[in-house]
Amino acid sequence: HGIGLRLAERLAEKGVKIATIYRNNDEQASALENKIKKLGSESLIIKGNITDKENLKLLIENTMNKWGKIDFLINNIGTDIWAKISELTEEQWLLSQEIILNVPFRTIKFCLPIMQSQHFGRIINIGASSKDYMKGQIALAPFGVNKAALNILTQTIALEEISNGI
């Protein structure tokens, strides 16, 4: 839904094949699959918990089995945990880190050898619509901290892999 849905639709319009994972809305997943088909492209949509490494591996393996390459990796995930630090639980803190930072790190790690062997790839990590979170925002510590770290991860991977066409 949201940004991810619009990205998938726009890319499918341009003939890009879409592989994605969704958590629980079968109806939305089916609608996306049908929309991509109507736009003349192909999709691979699997259901699973994105924080489960095995689900991520399955998505990457199935994508490679189906199309033999991965040109683009778009990490577009987040979580809405709103709590002041004094009220924030450690579980909420860790969940935010898992979703916003660790999952993109894992998908990069899984896709990087493929992109390196292709000598081509584009890695896009969706940040946020406002840089205000980088200044600190009330009740947004987990979001801001992890999006800031994701920004550094993105810049670092760009510097490290530019010579490989990534």
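Taking all protein chains together and rolling a 1.4 Å probe, PHE110 ends up with roughly 60 Å² accessible.
The string of couplings for the stretch 32-49 from the Karplus curve (6.51, -1.76, 1.60, θ = phi - 60°) is 5, 4, 5, 5, 4, 4, 4, 7, x, 10, 10, 9, 9, 10, 10, 9, x, 7 Hz, one whole number per residue in order, with x for Gly and Pro.
Annotation: amide H of ALA19 within the under-5 Å range of LEU44, sequence separation 5 or more or interchain, hydrogens built in the peptide plane. Computed over the chain, relative contact order equals 21 percent, with contacts defined as Cα pairs under 8 Å that lie 6+ residues apart. Note on exposure: ARG106, ARG10, ARG122, ARG23 ranked by accessible area (1.4 Å probe, complete protein assembly) read ARG23, ARG10, ARG122, ARG106, with the most exposed listed first. Taking the inverse of the mean 1/r over every pair of distinct Cα atoms in the chain gives a Kirkwood hydrodynamic radius of 16.9 Å. On the chain, 53 percent of the accessible area sits on carbon and sulfur atoms, based on a 1.4 Å probe. Quotient of the Cα radius of gyration of the stretch 1-93 and 2.2 N^0.38 Å, N being its number of residues: 1.25.
Mind putting a number on the dipole of the chain about its Cα centre? Charges go on the C-beta only, +1 for Lys and Arg and -1 for Asp and Glu, and I need it in Debye to the nearest 20.
On the way: 20 positive and 18 negative charges, 105 e Å.
Dipole size: approximately 500 debye.
Quick one: accessible area per residue over the chain, 1.4 Å probe, rounded to a whole number of Å²?
Working: 10180 Å² over 166 residues.
Per-residue value: 61 Å².
Summarising the amide proton neighbourhood of ASN125: residues at separation of 5 or more, or on other chains, whose placed amide H is nearer than 5 Å comprise ASN75. For the stretch 50-55, 3J(HN,Hα) computed residue by residue from phi via the Karplus equation (6.51, -1.76, 1.60; θ = phi - 60°) reads 5, 7, 8, 3, 5, 5 Hz, glycine and proline entered as x. Of THR63, THR51, the residue with the largest accessible area leads and the full order is THR51, THR63 (1.4 Å probe).
Counting Lys +1, Arg +1, Asp -1, Glu -1, what net charge surrounds ALA139 among other residues with beta carbon under 11 Å of its beta carbon? With Lys, Arg at +1 and Asp, Glu at -1, the net is -1.
The values are calculated or read from the model by the stated rules, or taken from the named source; none is laboratory data. Predicted model only: the values in this text are computed from it and were never measured. When we count neighbours, we look across all protein chains shown, and the Cβ atoms used for this are built from the backbone with ideal geometry, even at glycine. The accessibility values were calculated without ligands, DNA or RNA, using every heavy atom of the protein model including side chains. Shrake-Rupley method; radii C 1.70, N 1.55, O 1.52, S 1.80 Å.
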